[in-house]
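To start, the structure under review is shown below, and the notes come after it.
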Amino acid sequence: MRHLAALALAALALAASGCADPPFVVRVLFPEAGGLKPGDNVNIRGLAVGQVADVDLATGGIAAKLEIKPRFVPHLDDRAQFRIETEKLVTGKMAVVIVPGQPPGGPLAAGSEVNGEPLAADPIDKAKAALQETVDHARDQAQGLGRAMLNPDNQPPVATGGTIDLDRPGGYRLRLHRVKVEPTMADGSDWDTGSDPDLVLQGWIGDRQVLLTESVEDELTVEWLADAAVSAPFDLGGETIRVKVLDADVSYNDPIGVIELRPTPADAKARRRFRLAAGRVAELVVSLEESPPAARPAEEAPAPKGDGAKGPAILD
């Protein structure tokens, strides 16, 4: 009885296997295998829908025999693309990726022979190529900079600016009164290691620098007394006046903020004080004043007297 029962079970299993639908087979021609081998997966949208049954040589490339599970056949169409891609970067395992047509085409017939896409560049090779391109670009820049430094004809002038009439240098001057800087940089870090910035200010009219203060070390707030921070005379021609607030450094002055204003002669007559802020500059107080006639010929300007020689006052 046990022997008969075993035979019956075997017969049922054989019948069941005989009734199972055979896999859907398609033959794909690729220019090269790229490491593809039998047993590798066939994927649609990241889902394994079959396996590579065989890889063989063909005219002009290789032929991969794909076996697709029957329930996924409705997702195949005659406009689908077939690609060989890396499935697991660490092990180098490859897979055939099927990308359905957009829009889908007609049904793909069983036993069809289709052309696959050329093998895409390996991701590691692409990363190496990108890195090499960056290195080559940096080398070319360094070589170009070196050639420019060695060739004096390529050097820019030390300073640029508009022509100044020294006998009539201008009718207005910019006066700094106060600057206050935020206690930290924009990212919350200190200006300098364990200290406040070394404040220095520049004044610019177009491309002409008309003001440069001495640096004040380790301070966030500075007030200037008398003529300690007054610009050279200039004319108002509609240009924007820029005041650059910097943190003085040995090799490069770190920018804190750039204040821009466009005053008028009426502002000078009214003795208006501008209270402005920008960047990490919490407050900058400046004014425009008429340049005294005695200051126009520079050689006739009287020597400063009294508190005119006073320097900046540092506020805690």
Gly111 vs (1) surrounded by 12 or more Cβ atoms within 10 Å (Cβ to Cβ); (2) within 16 Å of Pro23 (Cα to Cα): all pass except (1)
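Condition test on Ala228, is it over 19 Å from Ala248 (Cβ atoms), in contact (Cβ under 8 Å) with a residue 24 or more places away in the chain and crowded, with 18+ Cβ neighbours inside 10 Å? Before you say what the answer is, go through the steps one by one.
Working: over 19 Å from Ala248 (Cβ atoms): no; in contact (Cβ under 8 Å) with a residue 24 or more places away in the chain: yes; crowded, with 18+ Cβ neighbours inside 10 Å: yes.
The answer is no for Ala228.
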Checked the range 80-93 for anything within 34 Å of the chain's Cα centre (by Cα) and part of a strand (DSSP E or B); matches are Arg83, Ile84, Glu85, Thr86, Glu87, Lys88
If you check Leu288 against the conditions, is it touching a helix residue (DSSP H, G or I) at 6+ places or on another chain (Cβ under 9 Å), assigned by TED's automatic domain parsing to the domain that holds Arg178, at pLDDT 90 or above and part of a strand (DSSP E or B)? yes
Only unsatisfied item for Lys180, checking (1) modelled with pLDDT of 65 or more; (2) surrounded by fewer than 11 Cβ atoms within 10 Å (Cβ to Cβ); (3) outside any helix (DSSP H, G or I), is (2)
Within the range 30-46, the residues that are exposed (fewer than 12 other Cβ atoms within 10 Å of the Cβ) and under 17 Å from Pro100 (Cα atoms) are Arg45, Gly46
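The values are calculated or read from the model by the stated rules, or taken from the named source; none is laboratory data. Please read these numbers as outputs of a predicted model, since none were measured by experiment. For neighbour counting, all protein chains shown are included, and Cβ atoms are generated from backbone atoms with ideal geometry for every residue, glycine included.
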